Amino acid sequence: MIGRCRVKELLRTGIVMLNPVKLLALAVAVPFLLCAAANPGARAAAPESALQRILRTGTVRIGFAAEAPYAYLEPGGRVTGEGPEVARKVFARMGVNNVQMVESEFGMLIHDLKAGRFDVIATGMYILPDRCRQIAFSEPTYRAVNQLGQGLAVRAGNPRNLHAYGDIAIDRTIRLGVVAGTIEHRYARAAGIRDEQIVLFPNAVSAGRSLRAGRIDAYAATAKAVEALVERYPRGLERAKPFDSRIPAAGPETVHYGASGFRFQDADLLAAFNKHLLEFRGTAEHLALVSKFGVTKDELPDLTTAEICRRRG
């Protein structure tokens, strides 16, 4: 069984004096030691990359947080929205057709991605300076103009008469709901709304329930997210109109871009995703797909991710 490693020659040189237990251990160990020494150039195989695993198995895990129309559950349980649907199409072009959707809280998405709970974030996440320092973003899939793109959900009849962040800031009794980790939380604080007035939620669904129940007075989100929430509860909620979302203290940026997120070490996966995304983005098939989520040709990105991160970082 030892073969060409020739333990017998070693025994003739005096090792035969070992007791039977040590001799047995040596008989097991020597073949491996000698064979390894005979191949000094041998190296352990490189670990499989995320891209290699995904292509080998045909399966990718996508993280999302529930907020329509960017990512949400349909009545039958299927996850849809701008982020998941675009990601599905891109991965299908890569030959990956088994997409496993993993739900997370919005504020935990980056943490869960880096922890390996899923491979990609696809939930319409904005490309922001602090996020650019934590994860790598794909090329953007849409852009949103803040002046037109922000909204406020209130109870039917708008009983607190809210039409701007400033209306909330001047009345300490008003409670504003936002999803933790979103840009609306930053806007609220920049507008002077106190922390004790702000109620954080893991997702838009829980915020909507609290708004209907009167536990909060308003819910701030993108205009599309607010519209989707009002459509879900048409008798109990409405969109505050007009709503002035301008916040001078928040800075000059009025346009934001949504994209998918990747771990920095998965550069090959990001490159492959971007290649197919750019081939798909702006096609008739893409526009037909995202039109149901309120994204039109006018909202196609006009900057690259590198330009966005550099300009805002």
_Matching residues in region 259-290 - criterion: being among the basic types (Lys, Arg) and either without any contact (Cβ under 8 Å) to a residue 60 or more places away in the chain or in a helix (DSSP H, G or I) (or both)_ = 275
*Is it the case that some residue within region 36-49 is surrounded by 14 or more Cβ atoms within 10 Å (Cβ to Cβ) and at pLDDT 95 or above?*
yes
*asked:* Tell me whether region 124-133 contains one or more residues that are farther than 20 Å from residue 300 by Cβ, at pLDDT 95 or above, of a type outside the set (Asp, Glu) and surrounded by fewer than 17 Cβ atoms within 10 Å (Cβ to Cβ).
replied: yes
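Every residue, every condition in (1) among the β-branched types (Val, Ile, Thr); (2) closer than 23 Å to residue 308 by Cβ; (3) open to solvent by less than 10 Å² (accessible area, probe 1.4 Å), yes or no:
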site: 227; (1), (2), (3): no, no, no
site: 232; (1), (2), (3): no, no, no
site: 241; (1), (2), (3): no, no, no
site: 257; (1), (2), (3): no, yes, yes
site: 264; (1), (2), (3): no, yes, no
site: 271; (1), (2), (3): no, yes, no
site: 274; (1), (2), (3): no, yes, no
*Unique residue being out of contact with any strand residue (DSSP E or B) (no Cβ under 9 Å at 6 or more places or on another chain), of a type in the set (Asp, Glu) and under 17 Å from residue 107 (Cβ atoms) when the list is 195, 171*: 195
_Can you tell me how many residues within region 156-209 are outside any helix (DSSP H, G or I) and hydroxyl-bearing (Ser, Thr, Tyr)?_
2
*If we keep just the residues of region 210-225 that are part of a loop (DSSP other than H, G, I, E, B) and on the phi < 0 side of the Ramachandran plot, which is surrounded by the most Cβ atoms within 10 Å (Cβ to Cβ)?*
216
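The values are calculated or read from the model by the stated rules, or taken from the named source; none is laboratory data. Since the model is a prediction, treat every value here as computed from it, not as a measurement. Using ideal geometry, Cβ is built from the backbone for each residue, glycine included, and neighbour counts are taken over all protein chains shown. Calculation scope for accessible area: heavy atoms of the full protein, side chains included, ligands and nucleic acids excluded. Shrake-Rupley method; radii C 1.70, N 1.55, O 1.52, S 1.80 Å.
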